[in-house]
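Values in this text are rule-based calculations from the coordinates and carry no lab data. Computed from a prediction, not measured in an experiment: that's the story for all the values here. Positions of Cβ are backbone-derived with ideal geometry, glycine not excepted, and every protein chain shown enters the neighbour counts.
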Amino acid sequence: MTAGNLATTQALVSLLDERSKAADNRDPTILQQPSMFQVARLVGNTLREVITTSNDDVMVSEAKFKATVILGGQIRGTSPTLFMIYPEGNFIEITEDTPFFQIGETKYGKPILVRAYDPDMSFADAAKLLMVSFDSTIQSNLSCGLPLDMMTYENDSFTIGTMRRINENDEFYGRVSEGWGSALKDAFYRLPEYDL
């Protein structure tokens, strides 16, 4: 998943794809890496390369052409993992303390994830929580909107699971959006009165 300058993210994906198909294998590819950590290093280095070469002035290109990437995957014999890769090419990996990442416009939806996520929640509840988080961002920022794309991956399956596009006609999303708005109002009026 990517956020930021579209030309940068498209160039990153195209360059990684082109290098993986090269017959001479001059450049290392994501398909040749022994671990997801090494894949994240390669993607980070490639992202930095794209940003640096997008403009003659590196300082301008970093501000103008920046992008952030969430990289996820699994290599046989290891556990699946996620990395958040920054425009500078450095990255962090999920941990038990930080089990999710959010990129792009995060200030509206991330607080909901931080306050409500529970590692023991069901997948269905986690998906619902994500819908609430996205809805909060969409309601708060005119530059964000539908559709939302959702993909699942089951550990050790090595295949893409369910893929779903959520648009303005999605019944479940509509019910979650309306229900969350009503629940917030109800919760607000149940809070103690402030004594002036």
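Could you work out [θ]222 nm for the chain from helices alone, using -39500 (n - 2.57) per DSSP H run of at least four and dividing by all its residues? Round to the nearest 500 deg cm²/dmol.
-14000 deg cm²/dmol
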Neighbour count of at most 15 Cβ within 10 Å plus DSSP loop: longest trypsin sites (Lys or Arg not before Pro)-free window in the chain: 108-196
Spin-label model distance (nm) - N169 vs N141, 7 Å beyond Cα toward Cβ: 2.8 nm
Relative contact order %, the chain, counting alpha carbon pairs below 8 Å whose residues are six or more apart: 15 percent
Gain upon complete extension [S182, R76; 0.36 nm per residue less C-alpha separation]: 33.6 nm
Whole-number percent relative contact order across the stretch 83-163, with pairs defined as alpha carbons under 8 Å at least 6 apart: 19 percent
Residue among A67, A116, A124 with the largest mean-square fluctuation in a Gaussian network model of the chain, springs linking Cα atoms under 10 Å: A124
Added length on full extension, which subtracts the Cα-Cα distance from 0.36 nm per residue, K107 to R26: 25.0 nm
For the stretch 139-155, Karplus couplings with θ = phi - 60° (6.51, -1.76, 1.60), whole Hz, Gly/Pro x: 5, 9, 9, 5, 7, 10, x, 6, x, 10, 10, 10, 9, 10, 9, 9, 3
